[in-house]
1. By how many nm would the segment from Leu434 to Val382 grow when fully extended, if each residue of separation counts as 0.36 nm and the alpha-carbon distance is taken off?
2. Can you pull out the GluC sites (Glu not before Pro) in segment 1-76 that DSSP calls coil and that have at most 14 other Cβ atoms within 10 Å?
3. Could you tell me the distance between the Cα centroids of segment 193-233 and segment 10-32, to the nearest Å?
4. Once the other residues with Cβ under 15 Å from the Cβ of Glu50 are scored (Lys, Arg +1; Asp, Glu -1), what is the net sum?
5. What nm distance separates the two modelled labels at Glu401 and Lys95, each placed 7 Å from Cα along Cα→Cβ?
6. Within the set Lys72/Lys226; Lys125/Lys256; Lys125/Lys220; Lys2/Lys72, which residue pairs have Cα atoms separated by over 30 Å?
7. Could you pull out which residues in segment 235-254 have an amide N less than 14 Å from a spot 7 Å beyond the Cα of Ile173, following the Cα-Cβ vector?
8. Quick one: which residues, 5 or more positions from Phe149 or on another chain, have an amide H under 5 Å from its amide H? H modelled 1.01 Å from N in the peptide plane, none for Pro or chain starts.
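Every read-out reported here was derived from the displayed coordinates using simple, explicitly stated rules and does not represent laboratory data. Since this is a predicted model, take the numbers as computed values, not measurements. Here the Cβ positions follow ideal geometry from the backbone for every residue, glycine too, while neighbour counts run over all protein chains shown.
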Amino acid sequence: MKNQYENPLTTRYASAEMSRIFSPDNKFITWRKLWIALAKGEQALGLPIEDAQIDEMIAQIDNIDYALVAEKERALRHDVMAHVHAYGVACPKAKGIIHLGATSAYVGDNTDIIVYREGLLLVRKRLLNLIARLKRFALRYKDLPTLGFTHFQPAQLTTVGKRATLWIQDLMIDLKDLIYLIEGIQFLGVKGTTGTQASFMDLFDDDEEKVKKLETYVAKEMGFDKCYGVSGQTYPRKFDSRVMNVLSGIAQSLSKFAHDIRLLQHLKEIEEPFEKSQIGSSAMAYKRNPMRSERISSLARHIIVNTLNPAMTAATQWFERTLDDSANKRIALSEGFLATDAILLIATNVAGGMVVYPEVIEQRIMAELPFMATENIIMEGVKNGGDRQELHEKIRILSMEAGRVVKEEGKPNDLMQRIIADGSFGIQEADSALLLKPEKYIGRAPQQVEEYLSGEVQPILEAFKEEINTKEIELTV
């Protein structure tokens, strides 16, 4: 019996891997790792902390009595102190030195930075694999002409592969932002209640060098080379806003990708994967709805809107800290990561199984190509002795007549037949096949695909090749 709300991000959408990163175990075990690192650093710098106390803390790191924590939090109304007490019960020898000199933000904020970094690294892995799959798709279809659209109205031709590079380019922008963000992550460190390190100065009898060494020691123990130079009690909430901005960028790119797939599936040119026993509609058995792409659009919207939460938090923090960020942070950042993980996984699934229908694509091209070929037809007519201005007027009239037949009578585009029958252009039936070859109207699209993928995408995929599933995705152009 399920009579309590469950978050669908964990029960339906996000991976077990991302859910683990934001799990209570990962959070609170990291708190304990931070307490151990602090104790070890304080011991190394001369405080009276025994090896047996540290050994006890290490031995009990996974032994979290959540029932006792809940009981203590009800009494103390403080989550960090509830965990300090519970850890002390598990570690009676170390009870007196756990959290020594620290404030809540020491474990809370440093853990958030660690967790977010772990989440961002997983997002990077997901993003690289998606780009690699789309790269393979773009190369496969780099030469296949397709009707381009501006304002969702027929425009000049492009290729299926060239269109895919537009999706890739958006994601490459996101990837570069993500890499820059990850490379610049800093640890909060050991800062104290208002960021002045006063409590640690007191612990070490105003020995400033020891306080600085303690922060460096703890940071390295937790895998960081650099701490924020200054802070209030917390790390700058601008960092949370930057994180969500990057996640929002990915959501924007994938929403655009998903909308394109939904439109193409409506046109029957490209379909997302559809399982053998999948049901498209409970009423209309024939339907093949683009449910994966629709899910991307839906979750992407949640991420984009959610970006306002950390932005508002950063904008409304008072002086050295307020607590109005706490409840919001627990929801906004974790859901941002979980939803981003979900849409990256769905998009990778779609990218790896898109079905292309060249015959439908060609049919749509041929319905519009005679109109697009009019400039070439005029030039051919001039070569055959015609007057450019007269031919322009003739083809304008013939185009209007052909367009009327298509729109009002629902008949095929017969512009080419009208031009041949007119005789002014000197074009025969055999000439029309050459004039209406789609390959003549795709410009440098195939070459652009190859140049972009080899020049900009491939180097980054090579740089992070260890994160890419090479069993499924070819890396070479």
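1. Residue separation times 0.36 nm, minus the Cα-Cα distance, leaves 17.1 nm.
2. The qualifying sites are Glu6, Glu50.
3. 28 Å
4. Taking every Cβ under 15 Å from that of Glu50, the sum is -1.
5. So the two model labels end up 10.1 nm from each other.
6. In this structure, Lys72/Lys226 lie more than 30 Å apart at Cα.
7. Those under the cut-off are 246-254.
8. Hits under the 5 Å cutoff: Ala155.
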